[in-house]
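Scroll down for the structure; my scribbles are underneath it.
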């Protein structure tokens, strides 16, 4: 039977060693399914930052910067949880009983909904870097904050490796983060503007968690993300944190 976080923490503190996760090792096997990845060095936060912190002054949605893996679907879902009414869910996913203080042991834990139940995923804090910079998720404004890259590592472990989470659907990761029921509405089904507006408004009233994505429309298949005239990007996912009906000179418009 595998150890839980508290057991691992106690064992490491007694032995005065830092945790190394043999189930999700710090090597190329957890980065990509095929081919080597040269120049990667695995480092702990204390090797990258003088005074790392798990959460700095409370986690906020702009803590999250997507890195070198195409998991904006997951990043957008995490950002959705920052709405004030959903912070209790975020606390369940990202427990606050861990930091880099006196009881630091090199292990961190997170909770995800998987196959009908909440499961704890424990990872060590060795993170893939290139030229002393994190390859994947980070916080560009507060480089000393590490809850986001560690959460991403735990999510990659849950699914097998980092490569597996390169591409996905927002509603799928929302299920992993909430245990709720996910639903996707495809605009290519020619749903009327009124029906879509009513759905979004009702979801907001019911305190539903929402996200959106623009699939690659094929204008340039070789390019992952393409900027549209609206300023939004094809091949990218977004968080919807509010739905508001705004009056204009010619009537009203619904803004996300």
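Data overview
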quantity	calculated
Among 152, 47, 20: highest mean-square fluctuation, GNM of the chain, C-alpha pairs under 10 Å	47
Listed peptides 242-251, 114-123 by packing density, highest first (mean Cβ within 10 Å)	114-123, 242-251
C-alpha long axis of helix 147-159 to longest principal axis of the chain, angle in °	90 degrees
From the coordinates shown, P(r) over Cα pairs in 10 Å bins from 0, in percent corresponds to which of [x] 6, 28, 34, 21, 9, 3, 0, 0; [y] 5, 17, 17, 16, 15, 13, 9, 6, 1; [z] 6, 25, 32, 25, 10, 2, 0	[x]
Residue with peak Gaussian network fluctuation, the chain [Cα springs, cutoff 10 Å], from 227, 133, 157	227
For 11, 169, order by how many other beta-carbon atoms lie within 10 Å, fewest first	11, 169
For q = 0.12 Å⁻¹, Debye-computed log10 I/I(0) when each Cα of the range 187-255 counts as one equal scatterer	-0.42
CD proxy at 222 nm, helix term only [per DSSP H run n ≥ 4: -39500 (n - 2.57); per residue of the chain; nearest 500]	-7500 deg cm²/dmol
Neighbour-count order for 189, 124, 103, fewest beta carbons within 10 angstrom listed first	189, 103, 124
Relative contact order [Cα under 8 Å, 6+ residues apart], the range 126-193, whole percent	15 percent
The chain: relative contact order in percent, alpha carbon pairs under 8 Å with at least 6 residues between	23 percent
Share, in percent, of DSSP beta bridges within the range 5-165 that are antiparallel, nearest 5	95 percent
92, 197, 126 arranged by Cβ crowding within 10 Å, fewest neighbours leading	197, 92, 126
Folded to 0 to 90 degrees: helix 193-205 orientation relative to the chain principal axis, Cα	50 degrees
Among 137-144, 48-55, the order from most to least packed when residues are scored by Cβ within 10 Å on average	137-144, 48-55
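Where a number appears in this text, it was derived from the coordinates with a stated rule and is not lab data. Just so it is clear, the model here is predicted, and its values are computed rather than measured. A quick note on method: Cβ atoms are made from the backbone with ideal geometry, for glycine too, and the neighbour counts reach across all protein chains shown.
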